[in-house]
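First comes the structure, then the notes that go with it.
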């Protein structure tokens, strides 16, 4: 957010920079991240939010086009919306947003904290669409349990911040940096991405067969090992039943069972999940 704001300031020497974010998105709990999170219930107790933030409909390119002005400095989105029900971007949408950003000199920012780091079968989910953002945000799985977050920039987003523009108490922490280095080494050593792709094929087939058998399942969607099972009834009962059976899942919205299995899982783990799902559904 600070890069986007300063990017506009350097170009226009004013503070009118506008950000377009997505409805139903989730980017975090700090005031900046909360301001671009598209859920009023999260924002209301902490209002007012940052000024000059507009919200478009995810996967609706026309709704983005309508919001662009001469002051638009960045478009923020998740490559897969995680908290609102596991909705991947369509290829048409993400490529359309990239084109709009190129044409209007707007920064494209992708939040891949949940869908990145191999979960899609690629290191980052945007690689599936053959596009590249100006800024990508990563955390959580980046350190595999060690607290760490990072951004990557390219093109016009690179070099916007100068020394002193931003800092954190634990920024550039040597322990965190060592952990990230170890994580990338482990991804290579154990060929994690290949395993994700193989297990995705197996999981997709199993969930497709399950959905055909169980009328309570409305839809199964997602990318790689990031899946949402949308039910025609509230999911809370089924999530509790899965947890009681030793399968750790969480909701994504009120009617969706969210599956975020470890990237090292094997077929036997998927079989165990399916056994329990068949039983409780």
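Which of the strands (runs of 3 or more DSSP E) contained wholly in segment 198-267 include at least 1 residues that are within 18 Å of the chain's Cα centre (by Cα) and free of Cβ contacts under 8 Å to residues at least 24 places away in the same chain? Reasoning before the result, please.
Values: elements: 217-223, 226-231, 256-259.
Because the criterion is at least 1 residues that are within 18 Å of the chain's Cα centre (by Cα) and free of Cβ contacts under 8 Å to residues at least 24 places away in the same chain, the strands (runs of 3 or more DSSP E) in segment 198-267 that meet it are 217-223.
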Could you list, in sequence order, the residues of segment 2-57 that are assigned to a loop (DSSP other than H, G, I, E, B), under 20 Å from residue 138 (Cβ atoms) and in contact with a strand residue (DSSP E or B) (Cβ under 7 Å, 6 or more places away or on another chain)?
25, 27, 36
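Looking only at segment 105-128, decide whether some residue is free of Cβ contacts under 8 Å to residues at least 12 places away in the same chain, touching a strand residue (DSSP E or B) at 6+ places or on another chain (Cβ under 9 Å) and either farther than 24 Å from residue 15 by Cβ or not assigned by TED's automatic domain parsing to the domain that holds residue 40 (or both).
The initial filter retains those residues of segment 105-128 that are free of Cβ contacts under 8 Å to residues at least 12 places away in the same chain, namely 127.
Cutting the leftovers down to touching a strand residue (DSSP E or B) at 6+ places or on another chain (Cβ under 9 Å) gives us none.
No.
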Could you tell me how many of the residues in segment 45-62 are over 17 Å from the mean Cα position of the chain (by Cα), surrounded by 16 or more Cβ atoms within 10 Å (Cβ to Cβ) and closer than 13 Å to residue 100 by Cβ?
1
Take the residues of segment 164-185 that are out of contact with any helix residue (DSSP H, G or I) (no Cβ under 7 Å at 6 or more places or on another chain) and within 30 Å of residue 272 (Cβ to Cβ): which is surrounded by the fewest Cβ atoms within 10 Å (Cβ to Cβ)?
185
Residue 182 meets each of (1) under 30 Å from residue 268 (Cβ atoms); (2) within 22 Å of the chain's Cα centre (by Cα); (3) not assigned by TED's automatic domain parsing to the domain that holds residue 224 with one exception, condition (2)
Please give the number of the condition residue 170 fails out of (1) within 30 Å of residue 121 (Cα to Cα); (2) part of a loop (DSSP other than H, G, I, E, B).
(1)
Set 85, 17: member being assigned by TED's automatic domain parsing to the domain that holds residue 157, at positive phi and crowded, with 19+ Cβ neighbours inside 10 Å
85
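The values are calculated or read from the model by the stated rules, or taken from the named source; none is laboratory data. Small disclaimer: the values here were computed from a predicted structure and weren't measured. Glycine gets a Cβ as well: all are built from the backbone with ideal geometry, and neighbour counts include every protein chain shown.
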